[in-house]
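Here the structure comes first, spelled out in structure tokens, and everything after it is commentary.
Each value in this text was obtained by applying a stated rule to the coordinates, not by laboratory testing. It should be emphasised that the depicted structure is a prediction, and the values quoted were computed from it without experimental measurement. When we count neighbours, we look across all protein chains shown, and the Cβ atoms used for this are built from the backbone with ideal geometry, even at glycine.
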Amino acid sequence: MIDAMFLGNFVGAAALAAVNLTVPVSALLYAITYTLATGGSVTAGAHLGAGRDDEASDVFTKIMALSFTLSVGLSILAWVFLDTLVALLGANEELTSIVSEYLGILVFFAPGMILGLTMHSFIVVDGRPRMGAAALAASAVVNVLLDWLLIVELEWGMRGAAWATGIAYSATFLIVITHLFYDAARLKIKTIHNNWMPVAKAALNGISEFTNELSVGLTTLLFNWIMITRLGTEGVAAFTIVEYILWMAVMICYGFAGAVQPVVSKNLGAGLHHRMRTFLDIGLIASVSVGLLFIAALLLVPEFLVYLFLDEAEASTVAIALDFIAFFWPALLFIGMNIVLTAYLTALHKPFESSVTAILRSLILPGLLVYFLPQYWGQTGIYIAVPIAEFLTFLIALLLLRRASAAIAA
């Protein structure tokens with residue numbers, strides 16, 4: 001999001017569109033990260049809650065080893081097949097070179113990103129949420145400062161944005177890895193034994209996060225394709241702006257979901273079921289509050305939000321973005337609650353229910369709606385696809401929550 005702000009204002013709408021074309025790749029990396037990190041930390045949290053520190057450390061060690069292996073392998077593959085990858089992302093002639101420049105640097109830092117975010121999930125469940133928050137805050141500060149230096153002062157353009165993001169990811173990893181030297185840490189690096197079944201179960205429990213993140217990438221790919229076909233580079237740039245405004249709210253709600261998950265998993269392991277619902281209620285109230293604040297901003301000062309990402313000279317892109325916002329804002333009523341409900345179901349060790357919720361909101365419903373609605377309502381159909389998808393997902397998530405809660409109570 002920070003990259004997009006600097007690129008949109010100091011490089012142009014084409015750079016903004018190029019960043020959005022790389023989202024499916026980032027989504028794949030996040031999908032793998034959160035599958036292992038969320039599933040592993042929830043499993044470790046349940047062990048810690050029950051006093052089984054050795055079992056928790058075993059899961060932690062194996063998840064980190066697997067994260068390292070996968071991240072290095074994916075980084076190498078992306079480098080080797082970079083040109084093919086850029087073509088698959090839908091880059092047109094105008095965008096191909098700048099997408100290649102940005103993505104080629106970004107995948108180099110994939111191991112740092114995956115290991116940093118995975119380690120972050122484990123230190124939170126190990127009782128150090130403040131350290132986790134500080135690491136992410138430091139990463140954001142590093143990103144802002146380097147974006148200013150490399151994009152504005154040194155005029156590196158896309159290359160500068162990629163280096164800023166990559167170094168910021170590395171900063172997160174360098175901070176959270178110090179938890180291993182913390183005397184009170186209950187999670188320790190252990191000798192790896194051959195029994196990988198706990199890791200497989202942990203990954204299965206985190207499958208909703210994989211589904212959610214990968215689905216976001218596929219849906220973004222579909223949106224990009226439709227926008228670039230109907231409205232060209234300006235359409236993709238406008239969609240990017242709306243997406244990043246949405247992500248401001250979504251990232252906060254993911255923070256609420258990430259806070260709910262470890263405490264729910266610990267209370268589940270300890271058999272304190274009455275406390276679990278209290279944490280869910282707190283998460284839902286917080287997410288709705290954030291949604292209402294962002295809706296107020298979208299309705300009252302939409303131009304201000306758009307100009308965070310674009311120079312006023314990009315008039316055609318600004319007009320498309322404002323039209324998009326006029327129809328899109330109801331999505332914020334439900335998206336936060338859907339994120340929290342998915343995380344809660346994962347913490348309950350209900351991978352089926354959490355996966356269904358995740359894939360409905362991030363792939364199936366928006367994918368179907370964005371494909372079919374424009375055939376009847378043109379551009380308006382594109383704009384209303386996500387709000388309708390979020391509302392329908394919320395109704396289904398409530399039914400799945402009722403089913404999961406009944407099973408646990410029994």
Most exposed to least, judged by fewest other Cβ atoms within 10 Å, Trp225, Trp329 sort to Trp225, Trp329
Along region 160-169, Karplus-curve 3J(HN,Hα) (6.51, -1.76, 1.60; θ = phi - 60°) to the nearest Hz, with x for Gly and Pro, reads x, 4, 5, 5, 4, 5, x, 5, 5, 4
Taking a crude spin-label model, label points 7 Å out from Cα along the C-beta direction, the Trp247 to Phe372 distance in nm is 3.0
For His179, His273, ascending order of other Cβ atoms within 10 Å (fewest first) is His273, His179
If R0 = 25 Å, then Ala50 and Ala133, at their Cβ-Cβ distance, give a FRET efficiency to the nearest 0.05 of 0.45
Note to self, the chain gives a 222 nm [θ] from helices alone (DSSP H runs n ≥ 4, -39500 (n - 2.57) apiece, / all residues, nearest 500) of -27500 deg cm²/dmol
Put in order of increasing Cβ neighbours within 10 Å, starting from the fewest, Leu95, Leu16 give Leu95, Leu16
Here the gain from full extension of Thr84 to Ile177, 0.36 nm per residue of separation minus their alpha-carbon distance, amounts to 30.0 nm
Under the rule rounded for a/c under 1.5, else prolate if a/b exceeds b/c, else oblate, using alpha carbon gyration tensor axes a ≥ b ≥ c, region 264-410 is classed as prolate
